[in-house]
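*Asks:* I have a structure here, written as structure tokens, and I will follow up with some questions on it.
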Amino acid sequence: MIKIRSGSLYSWLSNKRIYTFVIVIVLIMLPPITGIQVSAEVLASNFFSDTYHEARTKFLTAAKAAGGNLEYYRHPLLGADSEELYIDVATFNLPGARSVLVLGSGTHGVEGFAGSAIQVGLLAEGIAKNLPSDVGLLFYHALNPYGFSHLRRFNEDNIDLNRNFIDHDKPYPANEGYDELAWLIEPDSLSSWQDIKAKLVFAWYRLTKGKLWLQKAISQGQYNHPEGLFFGGNKEAWSNNTLQKVVERHLIAASKVVLIDVHTGLGEYAAAEVITEVRPGTPAHERILKWWGNRVKVPSAGESVSPPVMGSLKSGFTRLLPHADVTVVALEFGTFPPPEALWALRAENYVHHHGGDEQMDKQAIKYELKRVFYPDKQEWKQAVWQQGRGIVLQALEDMY
Ligand SMILES: [Zn+2]
């Protein structure tokens, strides 16, 4: 809570966070509480944030107002503005509920703005109101808070969390394609000549080995290059470990669990794709199709904007609940064509490990990464909110 010490009124009044807090309350909570009509577009844009700290404040405010139980898992490091970092978990009707809908954001750090907004919007709209006693909700916010705050897709150890849910006691799978291309994906400088070389070689591989080969080589995951892209790690990441604790604490007694983990950056601009690893033709696949129709895509069947990936959160989460009926999907919102994301990731990764210099403005490179994964356009935000809302509510409806 906010405390005012005597004699510190001036410093209290000049604390920017107080104003953020008040504005968030007014913008998010007032319309649903008072019934004041605000246009859908204005309301939706209020769910979105510009920084990790703002997103966290909105999430906690909305979750508290909705009557959720909150848990805060403190990350060992600080954020880009020296703020504390947390995975925040809001639960409703837990423990106890047999059917639980889980909605997650920020597995890929900088991609967290969209998922956070969907969480905030659903809470503000009243998703947690009048839940039957055997239906629970669990929202985890900013699974990779370090990446969210520092505008990285990867975490504090350069790990891609969505490649980290693998058995670290066994030999890691090989990715020979990445090994071959590593010198271009993680170059020793960001010169124009390096860029041209990389573009030419990638074009050659695409022509001779095919688009899918190239896509898999670069992004399906790799365990040999700790300073590279899509590195799955050589240990369980802090966030992976924390998610396991959350699952054990809240979900172990549930018999039916649906997880929707929100991502951005792949696919047509503002389009939503529901990515699953369940095999076509199985009852689980039929059920997902019933909920989400032709938005459902299976990477191993070549249907998805994403290639099949190694050590995914989807596979790890399913393994954590062997006795439950578990449905796990990634909800992916498209932004810009894949090469834009790749060049932005490659540049950000370079400055993350080597720093910027006079020619290379580290902050500008970070902001470019943010723009690629979080377009600052009203129509994009509106489309993300509307589709995200519909997709989550569709799954929840079937749990009643
Ligand atoms: Zn992602």
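*Asks:* Which ones in the stretch 354-374 are small (G, A, S) and part of a helix (DSSP H, G or I)?
*Replies:* Step one: filter the stretch 354-374 for residues small (G, A, S), giving 355-356, 364.
Within the stretch 354-374, just A364 meets the criteria.
*Asks:* While we're looking at this one, here's another question. Only one residue in I288, I275 is within 15 Å of the ligand (Cβ to nearest atom) and crowded, with 19+ Cβ neighbours inside 10 Å, so which one is that?
*Replies:* Working: I288 fails: within 15 Å of the ligand (Cβ to nearest atom).
None of the others qualify; the one that does is I275.
*Asks:* Sticking with this structure for a sec: Of the residues that sit in the stretch 89-110 and are free of Cβ contacts under 8 Å to residues at least 60 places away in the same chain and crowded, with 24+ Cβ neighbours inside 10 Å, which one is farthest from the ligand (Cβ to nearest atom)?
*Replies:* Our first condition is that a residue be free of Cβ contacts under 8 Å to residues at least 60 places away in the same chain; within the stretch 89-110, this holds for 90, 92-93, 106, 109.
The next check asks that each one be crowded, with 24+ Cβ neighbours inside 10 Å; those that pass are 90, 106, 109.
Working: A90: 22, G106: 10, G109: 9 Å.
Filtering first and then ranking leaves A90.
*Asks:* Are there any pairs with C-beta distances below 6 angstrom linking a residue in the stretch 350-376 that is over 20 Å from F230 (Cβ atoms) to a residue that is among the hydroxyl-bearing types (S, T, Y), with the two at least 6 apart or on different chains, and if so which?
*Replies:* Partner pairs satisfying both residue conditions: P375/T335.
*Asks:* Those residues that are within 16 Å of the ligand (Cβ to nearest atom) and either under 18 Å from T51 (Cβ atoms) or more than 18 Å from the chain's Cα centre (by Cα) (or both), I need them from the stretch 125-149; list them, please. Don't jump to the end; show me each part of the working.
*Replies:* Kept after step one, since they are within 16 Å of the ligand (Cβ to nearest atom), are these residues of the stretch 125-149: 140-148.
Matches in the stretch 125-149: H141, A142, L143, N144, P145, Y146, G147, F148.
*Asks:* Count, please, the residues in the stretch 349-369 that happen to be buried (at least 18 other Cβ atoms within 10 Å of the Cβ) and in contact with a Phe, Trp or Tyr (Cβ under 9 Å, 6 or more places away or on another chain).
*Replies:* Of the residues in the stretch 349-369, 3 are buried (at least 18 other Cβ atoms within 10 Å of the Cβ) and in contact with a Phe, Trp or Tyr (Cβ under 9 Å, 6 or more places away or on another chain).
*Asks:* Continuing with this model, one more query. Just to be sure I understand, how many residues within the stretch 210-250 are at positive phi, within 20 Å of the chain's Cα centre (by Cα) and surrounded by fewer than 22 Cβ atoms within 10 Å (Cβ to Cβ)?
*Replies:* Filtering the stretch 210-250 down to residues at positive phi leaves 210, 221, 230, 233.
Retained after the next criterion (residues that are within 20 Å of the chain's Cα centre (by Cα)): 221, 230, 233.
Filter again for surrounded by fewer than 22 Cβ atoms within 10 Å (Cβ to Cβ), leaving none.
Residues meeting the conditions: 0.
*Asks:* Of the residues A301, A330, only one is buried (at least 21 other Cβ atoms within 10 Å of the Cβ) and small (G, A, S); which? Lay out the reasoning, then the answer.
*Replies:* On the way: A301 fails: buried (at least 21 other Cβ atoms within 10 Å of the Cβ).
The match here is A330.
*Asks:* Would you tally the residues in the stretch 208-236 being touching a helix residue (DSSP H, G or I) at 6+ places or on another chain (Cβ under 6 Å) and either within 19 Å of P145 (Cα to Cα) or without any contact (Cβ under 8 Å) to a residue 24 or more places away in the chain (or both)?
*Replies:* 3
*Asks:* Another question about this same structure. Across the stretch 111-161, what is the total count of residues that are crowded, with 24+ Cβ neighbours inside 10 Å and without any contact (Cβ under 8 Å) to a residue 24 or more places away in the chain?
*Replies:* The number of residues fulfilling the criteria is 0.
*Asks:* Pick out the one residue from P283, P307 that is within 16 Å of the ligand (Cβ to nearest atom) and at pLDDT below 95.
*Replies:* Working: P283 fails: within 16 Å of the ligand (Cβ to nearest atom).
Sole residue among the options that is within 16 Å of the ligand (Cβ to nearest atom) and at pLDDT below 95: P307.
*Asks:* If you don't mind, there's one more thing I want to ask. Specify which of the listed residues (F113, F202, F154) is modelled with pLDDT of 95 or more, in the same structural domain as H75 (by TED's automatic domain parsing) and either away from the ligand (no atom under 16 Å from the Cβ) or in a helix (DSSP H, G or I) (or both). Break it down stepwise before answering.
*Replies:* Details: F202 fails: in the same structural domain as H75 (by TED's automatic domain parsing); F154 fails: either away from the ligand (no atom under 16 Å from the Cβ) or in a helix (DSSP H, G or I) (or both).
The unique qualifying residue is F113.
The values are calculated or read from the model by the stated rules, or taken from the named source; none is laboratory data. These figures come from a predicted structure and were not determined experimentally. We place every Cβ from the backbone using ideal geometry, glycine too, and count neighbours over all the protein chains shown.
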